[in-house]
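> Input: one structure, supplied below.
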Amino acid sequence: MCDTCELGLTLLDWPDDEAARIAARMRGRLTDLDRLDTALLAEWSPVLGELETGHYRALLLDLPLERVAEPTRSWWYRRAAARSEADGDDGDRPEYDRPGDYWPGVAHFQLTAPVPGGRVPFTYGAFLPSQPPEALDPAAVARHATAVAAGERPAAVVLGWIDDRYVDALHEERWLVGAILDGHHRLAAYAAAGVPARVLLLARVGEGSGADGGLEGLAEVAAAYGCRE
């Protein structure tokens with residue numbers, strides 16, 4: 001079982017037994033999540049109340065994700081290589097453009113392709129883990145894979161934001177970036193099965209969080225991947 005919830009609540013000074021009870025209740029609401037409602041947000045209030053003060057949007061998404069463990073497969077490098085090709089570079093890349101130089105330092109989950117239909121030419125997506133990927137329990141991943149194969153859609157919870165960039169004053173790009181709060185095993189199961197992952201995205205909007213394009217970017221993500229069950 002993923003213990004991210006329990007660890008997070010413990011770090012927020014909840015007693016261990018209370019943290020386990022609250023985490024079980026929170027996770028129970030994610031077992032086969034198909035809609036957002038006030039009851040769900042109430043169950044998650046112990047975590048939501050600790051978020052940085054600001055404005056947030058909650059989105060329920062079905063995201064096509066893949067697990068990436070090699071720098072050359074990560075969008076952080078692939079988008080740099082695509083920029084180089086578009087700029088007409090001859091392939092003699094400088095030393096600082098090695099794939100490893102773009103690597104965020106940890107295996108992660110990313111969208112299998114840029115978000116379609118956006119105003120910005122390329123909108124990439126990447127979710128970084130909050131626990132070591134190598135610590136995932138294969139039995140837990142298999143259990144979630146069985147549930148997914150049976151038609152259930154257990155949800156992961158991600159804290160994210162839209163990040164707009166204008167690289168070298170030439171290339172406009174947009175990122176959906178997130179940190180996984182709960183559901184590492186579920187995301188691994190979805191990625192292995194090739195089934196879009198059900199994700200509860202808690203997205204910060206407003207000043208300092210993609211203020212220029214945050215709402216626009218989230219609307220584009222919702223249009224492409226919003227849960228429609």
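The values are calculated or read from the model by the stated rules, or taken from the named source; none is laboratory data. Bear in mind the structure is a predicted one, so any value in this text is a computation, not a measurement. Cβ atoms come from the backbone with ideal geometry, glycine included; neighbour counts cover every protein chain shown.
> Quick one: TYR166 ticks every box in (1) at pLDDT 95 or above; (2) hydroxyl-bearing (Ser, Thr, Tyr); (3) surrounded by fewer than 19 Cβ atoms within 10 Å (Cβ to Cβ) bar one, so which box is it?
Failed condition: (1).
> Does ARG79 qualify as being at pLDDT below 75 and part of a helix (DSSP H, G or I)?
no
> Looking at (1) under 19 Å from TRP75 (Cα atoms); (2) buried (at least 17 other Cβ atoms within 10 Å of the Cβ); (3) under 17 Å from the mean Cα position of the chain (by Cα), can you tell me which one PRO104 breaks?
(2)
> Here are LEU33, LEU59, LEU9, LEU40: which of them is surrounded by 16 or more Cβ atoms within 10 Å (Cβ to Cβ) and either in contact with a Phe, Trp or Tyr (Cβ under 6 Å, 6 or more places away or on another chain) or at pLDDT below 60 (or both)?
Numbers: LEU33 fails: either in contact with a Phe, Trp or Tyr (Cβ under 6 Å, 6 or more places away or on another chain) or at pLDDT below 60 (or both); LEU59 fails: either in contact with a Phe, Trp or Tyr (Cβ under 6 Å, 6 or more places away or on another chain) or at pLDDT below 60 (or both); LEU40 fails: either in contact with a Phe, Trp or Tyr (Cβ under 6 Å, 6 or more places away or on another chain) or at pLDDT below 60 (or both).
None of the others qualify; the one that does is LEU9.
> Considering only region 131-225, give the helices (runs of 4 or more DSSP H) lying wholly within it that have at least 2 residues that are touching a residue at least 60 places away in the same chain (Cβ under 8 Å) and over 27 Å from THR38 (Cα atoms).
Working: elements: 138-149, 184-193, 214-225.
By residue number, 184-193.
> Considering region 41-55 alone, what residues qualify as being in a helix (DSSP H, G or I) and either of a type in the set (Asp, Glu) or touching a residue at least 40 places away in the same chain (Cβ under 8 Å) (or both)?
First, the residues of region 41-55 that are in a helix (DSSP H, G or I): 41-43, 45-48.
GLU43, VAL47, LEU48, listed by residue number.
> Would a scan of region 85-107 turn up a residue that is under 30 Å from ARG153 (Cα atoms), touching a strand residue (DSSP E or B) at 6+ places or on another chain (Cβ under 8 Å) and modelled with pLDDT of 90 or more? Steps first, please.
Restricting attention to region 85-107, the residues satisfying the condition of being under 30 Å from ARG153 (Cα atoms) are 104-107.
When the remaining residues are screened for being touching a strand residue (DSSP E or B) at 6+ places or on another chain (Cβ under 8 Å), the result is 104, 106-107.
After this cut, where a residue has to be modelled with pLDDT of 90 or more as well, the list is 106-107.
Yes - at least one qualifying residue is present in region 85-107.
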